[in-house]
Structures are given as C-alpha cells and as structure tokens.
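Nothing in this text is a laboratory measurement; each read-out follows from the coordinates by a stated rule. The shown structure was predicted, so the numbers you read here are calculated from the model rather than taken from an experiment. Positions of Cβ are backbone-derived with ideal geometry, glycine not excepted, and every protein chain shown enters the neighbour counts.
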Amino acid sequence: MNFFSHPTAVIDEGCTIGSGTKIWHFSHLMTGCVIGENCNIGQNVVVSPKVHLGNNVRVQNNVSIYEGVICEDDVFLGPSMVFTNVINPRSAVSRKHEYMKTVVKKGASIGANATIICGNDIGEYAFIGAGAVVTKPVPAYALIIGNPGKQTGWMSAYGHPLTFDDNGNAICEESGEKYQLVENKVSKK
C-alpha cells in the first residue's frame, strides 16, 4: 500500500489510489473511483464510482463527489462544497442514466459551501468564492461569487486578483507571472 488510510476510512475493492495520497477519518471511496498521487481526502468525504481526481487534489471535510465529476490536477475543493449530478432529481423517479458530467479544470479552487450545478465545467485556475452557486460554465481564471454565481473579476494561478491595464495586461503580485485579457478570455503570456 503506497498511500495512507485512516482506520475508520472505507475503501471499496476496485479503487485506484495513487502513491502519497492520504485518506482521513470516516471517508468512503467507492468501487471504480480513481484518485491520483499526493491527494488529500479530508474527513467525512464520499467519492462515488467513476469519479476521477487528478494528482495533488485537496478535498476538504464533508464533501461528496458524485458520479460524473472529474477533477484535474491541483484542484482544491473547500469544506462542505456540493456537486450535483442530476439536473431535475425526484425521489420517486430513477435518473441514474441521466448523470451529467462536470469537469473541474487544473488548478481551480472551489470555496466552502459553494454549490456546482451539474453540467457546468469550471475553467483552469478559476476561483469559486465561498457559498457561490455555479449555474453556468466558468471561464479559466474567473472569480465567481454570489447566488446565482456571477463573475466579478479574474484571478491569477496563485489566487490573487488580476487588474488589467488598458492594453489588457496584468501581473500577479506574488509570482510576477504576466497575463493577457483578450475578448473576455485570460491567458498567461
């Protein structure tokens, strides 16, 4: 075993777990999930079948990651954030064949108690604020806050607000990386 699992964690047969990953108290990894290397799965987390988590993904306490969710490398999922996987759930109607895919791209962060409505991908290095409700796809580097979630700015890969000049250029205050805004899309220079 090349990963750590707390004795109270439940790991079903058929999970793939990368080296250096840590799985904490009362978490449940279900058959067929794939967890990358050096991930941290917090307390009371459920990872459903067919979920894929890339390398270095951080899942904080009390998060359920349902079938249909894919998180690329370096994703942060804040405490008690929520994914959905059916757009119109009803207790008396089985819709397991209607699970929608949601992809959280590399480096994105989702804050505490945020909700991601299924089928809405989160772009690279996007930043979803605490308590936000995402109801539409999120562009790379976007800052989303509120309910419903609205874009209020742009964030660097280091998690700092970007202020663009008249030429569409910005510099991250921590890393010094340069960014460009063209036609409402941000990219590194």
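General remarks:
- With 10 Å bins beginning at zero, the pair-distance distribution over Cα atoms of the range 1-67 amounts to 26, 67, 7 %.
- For TYR141, TYR99, order by how many other beta-carbon atoms lie within 10 Å, fewest first: TYR99, TYR141
- Principal axis analysis of the Cα atoms in the chain yields extents of 55, 41, 22 Å, listed in decreasing size.
- Amide H contacts of PHE26 (H built 1.01 Å from N, under 5 Å, at least 5 apart or other chain): THR8, ALA9, ASN44
- DSSP beta bridges confined to the chain are antiparallel in about 25 percent of cases.
- Shown in residue order for the range 139-147 are the 3J(HN,Hα) couplings computed by the Karplus curve 6.51 cos²θ - 1.76 cosθ + 1.60 at θ = phi - 60°: x, 4, 6, 6, 9, 10, 9, x, 9 Hz (x for Gly and Pro).
- The range 95-189: antiparallel DSSP beta bridges as a percent of all, rounded to 5: 60
- Relative contact order of the chain, pairs being alpha-carbon contacts under 8 Å that are 6 or more residues apart, as %: 10
- Basic side chains Lys and Arg get +1 at the Cβ, acidic Asp and Glu get -1 at the Cβ, and with that the dipole of the chain about its Cα centre reaches some 460 debye.
- The mean sequence distance of close C-alpha pairs (under 8 Å, at least 6 residues apart), as a share of the length of the range 94-189, puts its relative contact order at 16 percent.
- Each residue of the range 179-189 was assigned a 3J(HN,Hα) from its phi angle through the Karplus expression (A = 6.51, B = -1.76, C = 1.60, θ = phi - 60°), giving 10, 10, 10, 9, 6, 6, 10, 9, 9, 6, 8 Hz with x at Gly and Pro.
- For the range 46-97, the convex hull spanned by the alpha carbon atoms encloses 86 Å³ per residue.
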